[in-house]
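Here's the structure, in structure tokens; my notes come after.
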Amino acid sequence: DVVGYSRVLCAGPLVFVAGTTAGSDGSPIPESCEDQTRQTIEIIITNLNKVRVTLDEVVRVRMFVVDIKRNWEDVSRVMNSYFANVKPVMTMVGVAGLIDDKLCIEIEMDAVRK
């Protein structure tokens, strides 16, 4: 492990998901920011499931978005499709770039186990 961190960490009822991007599971990185957002959330869901937590338990989402003026609506549309019934607090921050130039979004999530 080059970086040496946990993708998901539990501390009692609190659950923290580290910054996650499309392709961080080894799959190809999609071209569109919409598809990258969807893939990233699916990777997060897989990791939350490993600790028996669902998106319904997510209380905070942080999104780091490249070219935010161009991508915010696509990102928001995807986020709303996953969080239509659960409305965690969310922060979307525009950033100059991510670790791979093909990436447009990195997402962190915090949850509280029910």
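Treat every Asp and Glu Cβ in the stretch 52-114 as -1 and every Lys and Arg Cβ as +1, leave all other atoms uncharged, and give the resulting dipole magnitude about the Cα centre to the nearest 20 debye. Before the final figure, lay out each step's value.
On the way: 10 positive and 10 negative charges, 58 e Å.
The dipole magnitude comes to about 280 debye.
Quick one: net charge of Arg7's neighbours, Cβ under 10 Å, K/R +1, D/E -1?
0
Can you quote the Å³ per residue value for the convex hull of the Cα atoms in the chain, rounded to an integer? Please report the intermediate quantities before stating the final value.
Details: hull volume 11.5 nm³, N = 114.
So the per-residue Cα hull volume is 101 Å³.
Carbon-plus-sulfur fraction of the accessible area of the chain, 1.4 Å probe, in percent?
Exposed carbon and sulfur together represent 52 percent of the surface.
Once amide H atoms are placed 1.01 Å from N in the peptide plane, what residues at a sequence separation of 5 or more from Asp67, or on another chain, have their amide H within under 5 Å of its amide H?
Val95
Please list 3J(HN,Hα) in residue order for the stretch 96-101, calculated via the Karplus relation 6.51 cos²θ - 1.76 cosθ + 1.60 where θ = phi - 60°; whole Hz, with x for glycine and proline.
After applying 6.51 cos²θ - 1.76 cosθ + 1.60, I find 6, x, 10, 4, 10, 4 Hz.
Determine the gain in length on full extension of the stretch Lys69-Val112; use 0.36 nm per residue of separation and subtract their C-alpha separation, reporting nm with one decimal. Mind dumping the intermediate values first?
On the way: separation 43, 0.36 × 43 = 15.48 nm, distance 3.13 nm.
Fully extending the segment from Lys69 to Val112 adds 12.4 nm.
Around Asp74, what is the net charge, scoring Lys/Arg as +1 and Asp/Glu as -1 over all other residues with Cβ under 14 Å from its Cβ? Intermediate values should be presented prior to the final figure.
Working: positive: Arg38, Lys69, Arg70, Arg77; negative: Glu31, Glu34, Asp35, Asp67, Glu73.
Around Asp74, the surrounding residues sum to -1.
Per residue, how much accessible area does the chain show when a 1.4 Å probe rolls over the protein heavy atoms, in square angstrom? Kindly include the intermediate steps, with their values, before the conclusion.
Numbers: 6620 Å² over 114 residues.
Value returned for the chain: 58 Å² of accessible area per residue.
Search the structure for amide H atoms under 5 Å from the amide H of Met92, placed 1.01 Å from N in the peptide plane, and list their residues when 5 or more places away or on another chain.
Met63
Express in nm, to one decimal, how much length is gained between Met90 and Arg60 on full extension, taking 0.36 nm for each residue of separation and deducting their alpha carbon distance.
Between Met90 and Arg60, full extension yields 10.2 nm more.
For the chain, what proportion of DSSP beta bridges, expressed in % and rounded to the nearest 5, is antiparallel?
Antiparallel bridges make up about 70 percent of those DSSP assigns within the chain.
How large is ³J(HN,Hα) for each residue in the stretch 102-114, as worked out from phi by the Karplus curve 6.51 cos²θ - 1.76 cosθ + 1.60 (θ = phi - 60°), to whole Hz, x for Gly and Pro?
After applying 6.51 cos²θ - 1.76 cosθ + 1.60, I find 6, 7, 10, 8, 10, 10, 10, 9, 10, 9, 10, 4, 8 Hz.
For Cα pairs less than 8 Å apart in space and 6+ apart in sequence, what is the mean separation divided by the residue count of the chain, i.e. the relative contact order in percent? Please report the intermediate quantities before stating the final value.
Details: 191 pairs, mean separation 43.5, N = 114.
That works out to 38 percent.
Using only Cα atoms and rounding to the nearest 10 degrees, what angle (0 to 90) does helix 33-50 make with the longest principal axis of the chain?
For 33-50 against the chain, the angle is about 20 degrees.
For the chain, what is the number of Lys pairs with C-alpha distance below 27 angstrom, counting only pairs 8 or more positions apart or on separate chains?
Total qualifying Lys-Lys pairs in the chain comes to 5.
One-quarter of the Cα convex hull surface for the stretch 11-61, in nm²?
Working: hull surface 15.2 nm².
So the Cα hull casts an average projection of 3.8 nm².
So how far apart, in nm, are the two label points at Ser6 and Ser32 if each is 7 Å from Cα heading toward Cβ?
3.6
Is there a quick way to get the dipole size of the chain? I mean about its Cα centre, with the Cβ of Lys and Arg at +1 and of Asp and Glu at -1; what is the value in debye to the nearest 20?
The dipole of the chain has a size of about 500 debye.
The values are calculated or read from the model by the stated rules, or taken from the named source; none is laboratory data. This structure is a prediction, so every number in the text was calculated from the model and none was measured. Don't worry about glycine lacking a Cβ; one is built from the backbone with ideal geometry, like all the others, and counts go over all protein chains shown. Ligands, DNA and RNA are stripped out before the accessible areas are found, and what is left, the full protein with its side chains, is counted by its heavy atoms. Shrake-Rupley method; radii C 1.70, N 1.55, O 1.52, S 1.80 Å.
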